[in-house]
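The values are calculated or read from the model by the stated rules, or taken from the named source; none is laboratory data. This one's a predicted model, so the numbers in the text were calculated from it and none came from an experiment. Heads up, the Cβs are rebuilt from the backbone with ideal geometry, glycines too, and the neighbour counts pull from every protein chain shown.
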Amino acid sequence: MKIHNQDETRLSYIRSVSELQETAWRLSRQILQMTTEAGSGHPSSSLSAIDILTALYFGGILRFDPKRPHWSERDRFILSKGHGAPALYAVLAEAGYFDPDRLSNLRNLGSALEGHPNMRVLPGVEASTGSLGQGLSIGLGHALAARVDKQTYRVYVMIGDGESDEGQIWEAAMGAAKYEVDNLTCILDYNKYQQTGAITDVMPSLQPVVDKWEAFGWDVRQINGHNMEQTLTALQDVRRVNRQPQIIVAHTLKGRGLSPFAEDDVNRMHGKPLDESELEKALAELDEQHATAVANNVNEPVLTAEDIHGEI
Ligand SMILES: Cc1ncc(C[n+]2csc(CCOP(=O)(O)OP(=O)(O)O)c2C)c(N)n1
């Protein structure tokens, strides 16, 4: 469902939780299919983020108008972990920025659907990302610009846990806290894996991540990033925080619990699309996940204690 808010200029989508789950399931299928078809890309990194992006774009949170991608009052979303581009492209196509048929052009030579988002060629992309660590600083710039321009838009930035190894993330964290930037929300896609392994091996000192962000002066809350109700509630609640930037630490699964990704326990198949038989298996599991969710009225997949490292 598409709705216009009262003043007819503030367009956003408001879908029910079950509609959002259905949307996330469809977009997850597209992520798997487009990356297999392209023969490259990052499906597991995209799948960990897709429920959150679905809530953001279609749960009545983000204010945007696909017909006016440069509308000055729009909210901004920046995918700082730019390699998760297939998730962003699926959401932008669903939102009406371009024809979903174009998803099959992912990573083709000359296609606007590049391996990493390019704001110069694809409407709806707010920042060209892919070189990790930069998106939060760009988002902070937008958030401060809103203050200068006396605009009410909000800025949302998604970062990765491996990406949090970048020092620039923490420079932005300090700057946002110093300037009490309360129209900036960061979402950490906390899937516990990065390119070459688990964060507990590659950079264990990221933890305890919640304490770190609190120490940097941010409002911090944790969610299961595959649970639509929790995600929506967090995205609604952060809007009420004053004089503090906010971060939502979203516990997620790299590959969204689908077995072809989990079978590679070193990095959950970072940057590797599924082959045809793995794709078939993953799609069947995804359909099963969704059917279970519909039948039991619960969100799937459910996270285990191991998945959240006892941090909730
Ligand atoms: C500055 C920079 N260094 C290295 C890379 C290569 N790289 C691409 S993805 C990735 C891992 C990112 O891990 P994480 O942020 O946890 O993302 P996810 O696990 O969700 O894929 C790395 C190191 C990069 N894109 N940019």
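In segment 30-59, what count of residues is obtained for those that are within 15 Å of the ligand (Cβ to nearest atom) and not acidic (Asp, Glu)?
So the answer is 15.
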What tally of residues in segment 247-269 results from selecting those that are closer than 30 Å to LEU184 by Cβ and at pLDDT 95 or above? 10
Only one of (1) at pLDDT 95 or above; (2) over 23 Å from GLY115 (Cα atoms); (3) part of a loop (DSSP other than H, G, I, E, B) fails for PRO273. Which number is that? (2)
For a quick check of your reading of the model, give me the residue pairs whose first member lies in segment 107-128 and is part of a loop (DSSP other than H, G, I, E, B), whose second is among the β-branched types (Val, Ile, Thr), with beta-carbon atoms closer than 6 Å and at least 6 apart or on different chains. ALA112/VAL121; PRO117/VAL125; PRO117/THR129; MET119/VAL125; GLU126/ILE78; ALA127/ILE78; ALA127/ILE138
Of the residues in segment 262-277, those that are in contact (Cβ under 8 Å) with a residue 24 or more places away in the chain and either under 21 Å from GLY225 (Cβ atoms) or away from the ligand (no atom under 16 Å from the Cβ) (or both) come to ASN267, ARG268, MET269, HIS270, GLY271, ASP275, GLU276
Counting only residues that are touching a residue at least 12 places away in the same chain (Cβ under 8 Å) and away from the ligand (no atom under 16 Å from the Cβ), give me the helices (runs of 4 or more DSSP H) lying completely in segment 156-227 with at least 1 of them. 167-178, 209-215
Collect the residues in segment 228-249 that are polar (S, T, N, Q) and assigned to a helix (DSSP H, G or I), keeping them in residue-number order. GLN230, THR231, THR233, GLN236
Within segment 116-138, considering residues that are over 17 Å from GLU163 (Cα atoms) and either within 16 Å of the ligand (Cβ to nearest atom) or within 15 Å of the chain's Cα centre (by Cα) (or both), the one surrounded by the fewest Cβ atoms within 10 Å (Cβ to Cβ): ASN118
Which one of the conditions (1) modelled with pLDDT under 95; (2) acidic (Asp, Glu); (3) assigned to a helix (DSSP H, G or I) does GLU278 fail to meet, given that it meets all the rest? (1)
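Go through segment 139-155 and give me each residue that's outside any loop (DSSP other than H, G, I, E, B) and either within 14 Å of the ligand (Cβ to nearest atom) or surrounded by fewer than 20 Cβ atoms within 10 Å (Cβ to Cβ) (or both).
Keep residues of segment 139-155 that are outside any loop (DSSP other than H, G, I, E, B), which gives 139-148, 155.
Across segment 139-155, the qualifying residues are GLY141, LEU144, ALA145, ARG147, VAL148.
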